[in-house]
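Here is the structure we will look at, set down as structure tokens.
The values are calculated or read from the model by the stated rules, or taken from the named source; none is laboratory data. Here the structure is a predicted model, which means the values were calculated and not measured. Glycine gets a Cβ as well: all are built from the backbone with ideal geometry, and neighbour counts include every protein chain shown. Please note that ligands, DNA and RNA were not included when accessible areas were found on the heavy atoms of the full protein model with its side chains. Shrake-Rupley method; radii C 1.70, N 1.55, O 1.52, S 1.80 Å.
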There are 2 protein chains.
Amino acid sequence: MKSRISNWTDIQTFLAVYREGSTLAASRLLGLAQPTVARRIEILEHHLNLPLFERDTRGFHPTGHARALLATAEAVEAAITDLEKEASGLASPGPIRITAYSANFSPRVKKIFNEFTTGHPGVRLEFLPGMKMLDLEKGEADIALRLTRTPPPADLICRKISTAQYALFGSRTYSAKHGLPDSLDDLAGHSFVTFEREDVSKVMHSWLLDHVAPEQIALSFSEFELMHAAIQSGMGLGILNLKLVEQDTDLVRCCDPIEELSAEHLMLISKQAYKRPEVRQFTKFFAPRYTALFKDET
Amino acid sequence: MKSRISNWTDIQTFLAVYREGSTLAASRLLGLAQPTVARRIEILEHHLNLPLFERDTRGFHPTGHARALLATAEAVEAAITDLEKEASGLASPGPIRITAYSANFSPRVKKIFNEFTTGHPGVRLEFLPGMKMLDLEKGEADIALRLTRTPPPADLICRKISTAQYALFGSRTYSAKHGLPDSLDDLAGHSFVTFEREDVSKVMHSWLLDHVAPEQIALSFSEFELMHAAIQSGMGLGILNLKLVEQDTDLVRCCDPIEELSAEHLMLISKQAYKRPEVRQFTKFFAPRYTALFKDET
DNA sequence: ATACGGCTCTTCATTTCTGTAGAGCAACAC
DNA sequence: GTGTTGCTCTACAGAAATGAAGAGCCGTAT
């Protein structure tokens, strides 16, 4: 029972011999001398109190016990590899990669980034604007600012920023020509623009299809900015985020916020990234300031 | 990037220093000299190219990097512990623990066990008879012979033995006094015995309640053997396994096998146990012979 | 039949690691 | 103030692990 492995590295040796089939080949793999490898296996066998290999003039052949332990030994190796990877990430840290819909990188938000960078000159930030949902868990980004209607994966760190609300908007130009609807029951006869793209959630587009006739949809865009611009130029009515356009006096809201389109506005951080001290610092600095932007000023 | 950890044991040292807060305390924990511990940390820091501790006249204090690596380092430690545990299990193997319903340990089955034990004198078998479902994944047993109507957990090794069929049986004594029903439509006026217990599936008991009136149930047992004996002594009709009673000329089947009670007869082996060579050997020996017992002899 | 390649062992000098001992520093109790 | 405790270092001698070299075994190709 008192079979403690005194030298963890011996497991590496074990794996090398198991895979190569001989201590000589293993020694080349490990950059050691052959007797060293043989001795280490001997020591390991002694510690575990198990014969691991049958010696033979043409090599070391794993016993049933060795086969039984292989998977677990490989788990140790994998854990070591993880550690090395993580350490090398810490040693030469890449920038903190932040993904968000382009409009989230507004002047007021950029100001927060700048303040942080000023206070932490060593830390670089990288921005990945776009509608596409990058996979934080796969390491495609470190932090995401997202509007989502589904609960986020459990293994992401998550801070709630606000609840985003949506409504139909039209520009004053449009209003002058066609007037604006008063409510959602009054949409007949109006024109609409929409946003639709394969790799992005279609919730808003679907909502529109449910409430207006297909022929009312004047234009469909695959870039959100283009749709936004189209609404501004008076080409039709469209769904926009209340906070996003609250500064834009040219756009007029045509209805109450559409509750079924409301989304959680979250700041998501991958667990892996959150281990990095800079990412922690950044989060601590950024989250409250960013949240404050979305607080209703009374 | 070329930051390979040359000595895996250094991670143990790292954890000890992290936990104890000083190289001196860590050295006591590890049974090493204090300078050795300090040197190993130095080496590790050099390999990882990361400062892990801030030195101070009253101890080693972890840096942010050390904190970031802690969880992963502990994963390595856990993997090592697993390996040690598994090895110590292989070194001093306990018996192969086999759980099954008591009647499964019939003379014909015991004969197979005996043949195996004769051929493998070093391997001990332990029998855990009972209706209760022991949890193989928790290590309560190594092998289970089971009748089940639900698919088994994916991480058990599973061999199908047969499909068990059930029907109503009555003894000749009972038959002489009250006659026997011809089919399931003919159950009125007969008495029944049943088996019911908290920790065991109630499928058969429920079936009976669905097909006969409550007052027809003469007796309810919490031991399967007692119910079996009650049927044999003519106290009532009851549901029994066809294979179990095929040798018993005193019992008469009253209906066709009840399809909705059919169950998969499985041999289940925990993955953990299956790593042990003896368990593999036993399975290879036992499974085909056991299966043969349930083949219909034409 | 012989030579070669690939392997395991053993031996021994050498490198590397480890432990002991002691100096020095800071915090704390008295 | 002084003594004590707990810690980090450095220096050096002894212990342990390592590598180089060589003997020997076996299967195979020539």
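If you project the alpha carbons of region A:229-294 onto the principal axes, what extent comes out on each, in Å, largest first?
48, 24, 20
Could you give the spread of the C-alpha atoms of region B:3-63 along their three principal axes, from largest to smallest, in whole angstroms?
Result, largest extent first: 29, 22, 17 Å.
Any chance you could run the full-extension gain for residue A:54 through residue A:172? It's 0.36 nm times the residue separation minus the Cα-Cα distance, nm to one decimal. Please report the intermediate quantities before stating the final value.
Details: separation 118, 0.36 × 118 = 42.48 nm, distance 8.64 nm.
Length difference between fully extended and current span is 33.8 nm.
Using just the helices of chain A, give the 222 nm mean residue ellipticity in deg cm²/dmol: DSSP H runs with n ≥ 4 each add -39,500 (n - 2.57), and the total is spread over all residues, rounded to 500.
Numbers: 11 runs with 127 residues, N = 298.
Computed ellipticity for chain A at 222 nm equals -13000 deg cm²/dmol.
If I require 30 Å or longer along the helix axis, counting alpha carbons, and a Kyte-Doolittle average no lower than 0.0, what helices from chain A are left? Use full DSSP H segments. Present the calculation step by step, with values, prior to reporting the outcome.
Details: long enough: A:64-91 (41 Å, 0.29).
Result, helices passing both filters: A:64-91.
Roughly what would the spin-label model give for residue B:295 and residue A:85, points 7 Å off Cα along C-beta, in nm?
Distance between the two pseudo-spin positions: 4.9 nm.
In region B:165-298, what is the volume of the convex hull around the alpha carbon atoms, normalised per residue and reported in Å³?
Details: hull volume 18.1 nm³, N = 134.
Output value, Cα hull per residue: 135 Å³.
So what does residue A:44 come to for accessible area, using a 1.4 Å probe and Å² rounded to 10?
Ignoring ligands and nucleic acids, residue A:44 comes out at about 10 Å².
Normalised by the number of residues in region A:191-292, what is the relative contact order in percent for Cα pairs under 8 Å and 6+ residues apart? Kindly include the intermediate steps, with their values, before the conclusion.
Details: 72 pairs, mean separation 26.0, N = 102.
After rounding, I find 25 percent.
Could you pull the Cα extents of region B:54-186 along its three principal axes, largest to smallest, in whole Å?
On the principal axes, region B:54-186 reaches 96, 43, 24 Å in Cα extent.
Restricting to bridges with both residues inside chain A, how much of the DSSP beta-bridge set is antiparallel, in percent to the nearest 5? The partial results should precede the final answer.
Working: 25 of 38 bridges.
The antiparallel proportion sits near 65 percent.
Hey, how many Å between the Cα centroid of region A:13-27 and the Cα centroid of region A:214-266?
So the separation of the two Cα centres works out to 65 Å.
Under the √(5λ) rule applied to the eigenvalues of the Cα gyration tensor, what semi-axes describe the equivalent ellipsoid of the protein assembly as shown? Give them in Å, descending. Before the final figure, lay out each step's value.
Values: eigenvalues 745, 451, 74 Å².
Taking √(5λ) for each eigenvalue gives 61, 47, 19 Å, largest first.
Of all DSSP beta bridges located in the protein assembly as shown, what percent are antiparallel, nearest 5? Before the final figure, lay out each step's value.
On the way: 50 of 76 bridges.
Bridges in the protein assembly as shown are about 65 percent antiparallel.
How big is D, in µm² s⁻¹, for region A:200-242 by Stokes-Einstein at 4 °C and 1.567 mPa s if Rh is the Kirkwood radius over C-alpha pairs? Numbers along the way, then the final one.
On the way: Rh = 11.0 Å.
Calculated translational D: 118 µm²/s.
What base-10 log of the normalised intensity I(q)/I(0) is obtained for chain B from the Debye formula, alpha carbons as equal point scatterers, at q = 0.09, 0.16 Å⁻¹?
Here log10 of I(q) over I(0) equals -0.64, -1.19.
Note down the relative contact order for chain B as a percent, whole number, built from C-alpha pairs under 8 angstrom at least six residues apart.
Values: 422 pairs, mean separation 59.1, N = 298.
Normalised by residue count, the contact order of chain B is 20 percent.
Could you tell me the relative contact order of region A:107-234? Use alpha-carbon pairs under 8 Å, at least six residues apart, and round to a whole percent.
Values: 81 pairs, mean separation 29.2, N = 128.
That works out to 23 percent.
Determine the gain in length on full extension of the stretch residue A:6-residue A:108; use 0.36 nm per residue of separation and subtract their C-alpha separation, reporting nm with one decimal. Walk me through the intermediate numbers first.
Values: separation 102, 0.36 × 102 = 36.72 nm, distance 5.71 nm.
Full extension from residue A:6 to residue A:108 adds 31.0 nm.
Please compute P(r) over all alpha-carbon pairs of region B:24-100, binned at 5 Å starting from zero, and give each bin as a whole-number percent.
Calculated over all Cα pairs of region B:24-100, the distribution is 3, 12, 14, 19, 18, 9, 7, 6, 4, 4, 2, 1, 0 percent.
What FRET efficiency do you get for residue B:223 and residue A:150 if R0 is 56 Å and r is their Cβ-Cβ distance, rounded to the nearest 0.05?
Working: r = 51 Å, r/R0 = 0.91.
FRET efficiency, residue B:223 to residue A:150: 0.65.
Output the Kirkwood hydrodynamic radius of region A:146-242, Cα pairs only, in Å rounded to one decimal. Don't skip to the answer; put the middle values down first.
Working: mean 1/r = 0.0682 Å⁻¹.
Mean inverse Cα-Cα distance, inverted, gives 14.7 Å.
Could you report the accessible area of residue B:227 in Å², rounded to 10, computed with a 1.4 Å probe on the protein chains as they sit in the structure?
10 Å²
Amide H neighbours of residue A:8 under 5 Å, counting only residues 5+ apart in sequence or on other chains, H built in-plane at 1.01 Å?
B:9
Estimate the FRET efficiency between residue A:213 and residue A:163 by the formula 1/(1 + (r/R0)^6), using the beta-carbon distance for r and 25 Å for R0, to the nearest 0.05. Present the calculation step by step, with values, prior to reporting the outcome.
Values: r = 30 Å, r/R0 = 1.21.
Once the sixth-power term is evaluated, E becomes 0.25.
Would you calculate the separation in nanometres between label points at residue B:74 and residue B:252, each defined as 7 Å from the Cα along the Cα-to-beta-carbon direction?
Each label point is offset 7 Å from its Cα along the Cβ direction, giving 6.9 nm.
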